[in-house]
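Engineer: I am attaching a structure below and will ask some questions about it afterwards.
Nothing in this text is a laboratory measurement; each read-out follows from the coordinates by a stated rule. Worth saying up front: this structure is predicted, and the values here are computed from it rather than measured. No Cβ is skipped: glycine too gets one built from the backbone with ideal geometry, and neighbour counts run over all protein chains shown.
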Amino acid sequence: MTVTPVAFPDPPLLNSAGVHQPWALRAIVQVRSADGAVGLGETYGDAPHLSLLTRAAAALKNVDIFDLSGLVRTVARAIGAVDVPDRHGLTGGSTTAKTLAKVVAPFEVALLDLQGQAIGRPVHDLLGGKVRDRVPFSAYLFYKWAGHPGAAPDGWGPALDPDGIVAQARTLIDRYGFQSIKLKGGVFPPDEEIAAIRALRDAFSGLPLRLDPNAAWTPETSVKVAEQTDGLLEYLEDPTGGLSGMAEVAALAPMPLATNMCVVAFADLPEAVRRNAVQVVLADHHYWGGLRACAELAAICRTWGIGVSMHSNSHLGISLAAMVHLAASTPVLTYAADTHTPWQDGVDVVADPLPITGGAVTVPDRPGLGVTLDQDALARLHENYLRCGITERDDTTYRQRFEPGYVKRRPRW
Ligand SMILES: O=C([O-])C(=O)C[C@H](O)[C@@H](O)C(=O)[O-]
Ligand SMILES: [Mg+2]
C-alpha cells in the first residue's frame with residue numbers, strides 16, 4: 001500500500017466558500033498485489049485525511065483483494081471513530097460514518113481495479129455490467145478571476161458576468177463537445193446569476209442547464225430564484241442549506257431540487273424521503289464509501305423515485321475512470337455527470353487518461369479501471385505537493401488574502 005499526496009495547478013474558481021487556491025491536492029493510492037499487479041485509487045489530499053489514509057494503509061497490508069467487507073472493518077478499526085470535517089463545507093457536514101466512508105473509498109476502488117485485472121474484466125463488470133457505452137459529462141462553468149493574484153492571467157480568462165460565462169461555456173463546448181451545462185453559483189447576487197442562466201439559455205438553446213449556489217440562499221430567496229428560472233433549469237442544486245430548508249423550497253419550486261450537501265450519507269436518506277426534500281441526489285464515491293456504496297445509494301434512490309446524478313471536486317484521471325465505471329453500470333444515473341477535468345488543463349497522473357469527446361467518455365473495456373499510473377508524472381506532482389505550501393483546501397482563507405473583509409456566509413442572500 002502506498003499513499004502519495006500530489007498537487008496540481010488549479011485556476012481561481014469562485015464558489016460560496018471563497019476561491020480555489022493555486023494548487024489542488026489529491027492523494028494517490030497504489031495497492032500492489034503479491035503477483036506484482038497495481039490497483040489504483042484517488043481521493044482528497046488534505047492533511048487530516050492524509051493521516052487517516054496512512055493509518056488505514058498500514059493496517060491493510062496483506063488484505064484479500066476480494067474481501068471488501070473486511071476492508072471496511074479493518075479501516076474502521078485502524079482509524080477509530082473520528083469525525084474530520086472539510087473547511088469549505090461544500091459537500092455538507094461530516095460524521096464519523098462519512099469520515100470512514102471517505103477513507104475506505106480509494107482503497108475499495110484500488111481493490112476493484114486489482115480484482116478486474118486478476119480476472120481480466122473491467123470494473124463495470126464487477127458492478128453488474130455496463131448499461132451504457134458512453135458516459136456523458138456536463139460543462140462545469142465557474143465564475144473566475146483572470147488569474148491568481150500576483151501571477152500571469154491563466155489561459156481561461158476572467159468570467160465575472162453573463163458574457164464571460166457564455167464565453168467560457170463556448171470554450172468548454174468547443175473543446176469537449178459537452179451537451180449539458182452546470183453553472184457554479186453562490187458567488188454574485190442571485191439576479192446576476194439568473195441573468196447568466198438566461199444568457200446561457202439564449203446562447204445554447206437545446207442544452208439542459210443547472211445552477212448550483214451551494215446553499216448561498218435563504219429558502220425565501222431560493223423560491224424566488226426558482227420561480228424566475230421556471231422552464232430554464234433541468235434542476236436547481238442546493239439552493240439552500242439543510243433538509244428542512246430544501247423541503248420548504250421543494251414544495252414550491254417548479255423544477256427538481258438536487259443535492260450534494262444535505263444528503264451526503266445513508267443516514268440522511270430517510271428524512272429526505274419523508275420530507276420530499278430532494279428529487280435528485282448527486283452520488284460521489286469519494287465520500288459515499290466507494291463504487292459499491294454508490295450502487296446501493298442508486299438502488300435506494302430508484303426505490304423512492306429520486307433521480308441520481310454525479311458530483312465532482314477537482315480530480316485527476318484515476319477518479320475520472322472510477323466515475324465512468326460507476327456511471328456506466330448504474331441504470332438510474334441518467335443525468336450528465338459533473339467533472340472538473342477541463343480545469344486541470346491536461347495535467348494528470350495517469351499515462352492514458354480517458355478522453356472526453358462529444359461531451360462523453362467511451363467506457364473502457366480493458367481489465368480493471370483501464371488506466372495506468374505514469375510514475376514520472378506522479379513524482380512531479382508529488383514534488384509540487386512538497387513545494388506548494390498548501391496542506392489543506394481552504395477557499396475562504398485564500399480569498400481573504402485579497403479581500404480582507406470577505407466572510408463565508410451561508411446563506412448570504
Ligand atoms: O457540486 C458541488 O457542490 C461541488 O462541486 C463542490 C465543489 O467543491 C465546487 O464547488 C468547487 O470545486 O468549488
Ligand atoms: Mg453541488
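Engineer: With just the Cα atoms defining each centre, how far is the range 205-274 from the range 1-29? Give it in Å.
Structural biologist: If you average the Cα positions of each part, the centres end up 27 Å apart.
Engineer: Would you mind ranking 176, 44 by Cβ crowding within 10 Å, fewest neighbours first?
Structural biologist: Taking fewest neighbouring Cβ atoms as first place, the list is 176, 44.
Engineer: Just the number, please: percent antiparallel of the DSSP beta bridges in the range 126-362, rounded to the nearest 5.
Structural biologist: The answer is about 20 percent antiparallel.
Engineer: I'd like the FRET efficiency for residue 296 and residue 82, computed as 1/(1 + (r/R0)^6) with the beta carbon distance as r and R0 of 25 Å, rounded to 0.05.
Structural biologist: Approximately 0.60, to the nearest 0.05.
Engineer: Can you figure out the FRET efficiency of residue 133 with residue 37, using R₀ = 22 Å and their beta-carbon distance, to the nearest 0.05?
Structural biologist: E(calc), rounded to 0.05, equals 0.25.
Engineer: With the alpha-carbon atoms as the only input, what is the per residue convex hull volume for the chain in Å³?
Structural biologist: 125 Å³
Engineer: May I ask you to sort 192, 227 by Cβ crowding, counting other Cβ atoms within 10 Å and putting the fewest first?
Structural biologist: Exposure proxy ranking, most exposed first: 227, 192.
Engineer: Once the Cβ-Cβ distance between residue 64 and residue 175 is put in as r, and R0 is 41 Å, what FRET efficiency do you end up with, to the nearest 0.05?
Structural biologist: Working from the Cβ atoms, E equals 0.45.
Engineer: Continuing with the same structure: Taking the Cα centroid of the range 299-327 and of the range 117-152, what is the distance between the two, rounded to the nearest whole Å?
Structural biologist: 9 Å
Engineer: Sticking with this structure for a sec: Cross-chain or 8 or more residues apart, Cα under 27 Å: how many lysine pairs in the chain fit that? Count them up, please.
Structural biologist: Lysine pairs meeting the criterion: 19.
Engineer: Please arrange 262, 294 by counting, for each residue, the other beta carbons lying within 10 Å of its beta carbon, fewest first.
Structural biologist: 262, 294
Engineer: At most 13 other C-beta atoms within 10 Å and a DSSP loop state: those are the exposed trypsin sites (Lys or Arg not before Pro) I care about. Give me the longest piece of the chain that has none.
Structural biologist: No qualifying site falls inside 62-408, the longest such stretch.
Engineer: Now for a different question. Report, for the chain, the % of DSSP beta bridges that are antiparallel, rounded to 5.
Structural biologist: In the chain, DSSP labels about 55 percent of beta bridges as antiparallel.
Engineer: Find the Rg to Rh ratio for the range 289-401, where Rh is the Kirkwood radius over alpha-carbon pairs and Rg uses the same atoms.
Structural biologist: 1.02
Engineer: I want to check the label-to-label distance for residue 274 and residue 191. Put each point 7 Å from Cα in the C-beta direction and report it in nm to one decimal.
Structural biologist: Going from the residue 274 label point to the residue 191 one covers 4.0 nm.
Engineer: Pull out the extension gain between residue 163 and residue 334, defined as 0.36 nm times the separation in residues minus the alpha carbon to alpha carbon distance; nm, one decimal.
Structural biologist: So the extension gain works out to 58.6 nm.
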